[in-house]
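A short write-up of the structure that comes next.
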Amino acid sequence: MSVLSKLSELGKRRRGFRFSAVDLLAILIFAVATWLLHPVIGTTVWLLPITLGHFFLFCNVFRIHRNAELFWAATFIVNVAAWSLLSDIDWLKILAVQSFVTVTLIIKALLSQDYHGIFCSPLPHAQEST
């Protein structure tokens with residue numbers, strides 16, 4: 001495969017689940033950071049795996065649109081801030097509320113015409129070439 005054809009492949013939207021060495025490295029770094037920081041910052045450390053987990057879920061598994069990712073991030077900030085104002089930072093409660101947003105965004109992505117995440121059907125021209 002020539003360099004030009006490799007470069008043209010970079011711009012194409014690939015379908016399905018993605019996982020790379022960089023993803024594995026990020027997961028390992030966040031796992032170690034969570035473990036090391038827990039004694040120092042307490043339960044606030046759960047921000048790390050929650051945000052990384054959702055980033056991985058949205059970018060690598062279900063591959064949702066960037067606007068939906070930003071909406072999730074905004075609702076997560078509001079969710080944490082609201083519980084903080086109530087002086088009740090309980091990560092299970094935060095996740096319970098945030099899970100509704102997560103599931104809604106995933107279902108919306110799954111039902112969209114241009115869904116390209118895990119379990120999506122192959123492109124029509126890809127089926128013809130097999």
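The values are calculated or read from the model by the stated rules, or taken from the named source; none is laboratory data. What you are looking at is a predicted structure, and each value in this text was computed from that prediction instead of being measured. Backbone-built Cβ (ideal geometry, glycine too); neighbour counts: all protein chains shown.
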| said: What's the number of the only condition in (1) of a type outside the set (Phe, Trp, Tyr); (2) more than 22 Å from His116 (Cβ to Cβ); (3) in contact with a His (Cβ under 9 Å, 6 or more places away or on another chain) that Leu48 fails to meet? | reply: (3)
| message | I'd like the full set of residues that are surrounded by 14 or more Cβ atoms within 10 Å (Cβ to Cβ) and of a type in the set (S, T, N, Q), limited to the range 62-96. | response | Thr75, Asn79
| message | Quick check on the range 78-96. Is at least one of its residues among the charged types (D, E, K, R), closer than 20 Å to Pro49 by Cβ, at pLDDT 85 or above and assigned to a helix (DSSP H, G or I)? | response | yes
| request: For Phe71, work out the one condition from (1) of a type in the set (A, V, I, L, M, F, W, C); (2) modelled with pLDDT of 90 or more; (3) part of a loop (DSSP other than H, G, I, E, B) it doesn't fulfil. | output: (3)
| said: Which residue is surrounded by the fewest Cβ atoms within 10 Å (Cβ to Cβ), if the candidates are limited to the range 97-112 and must be in a helix (DSSP H, G or I) and among the small types (Gly, Ala, Ser)? | reply: Ser99
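Conditions tested, residue by residue: (1) in contact (Cβ under 8 Å) with a residue 40 or more places away in the chain; (2) among the β-branched types (Val, Ile, Thr); (3) assigned to a helix (DSSP H, G or I).
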position: Val22; (1), (2), (3): no, yes, yes
position: Ala33; (1), (2), (3): no, no, yes
position: Leu36; (1), (2), (3): no, no, yes
position: Ile41; (1), (2), (3): no, yes, yes
position: Ile64; (1), (2), (3): yes, yes, no
position: Phe76; (1), (2), (3): no, no, yes
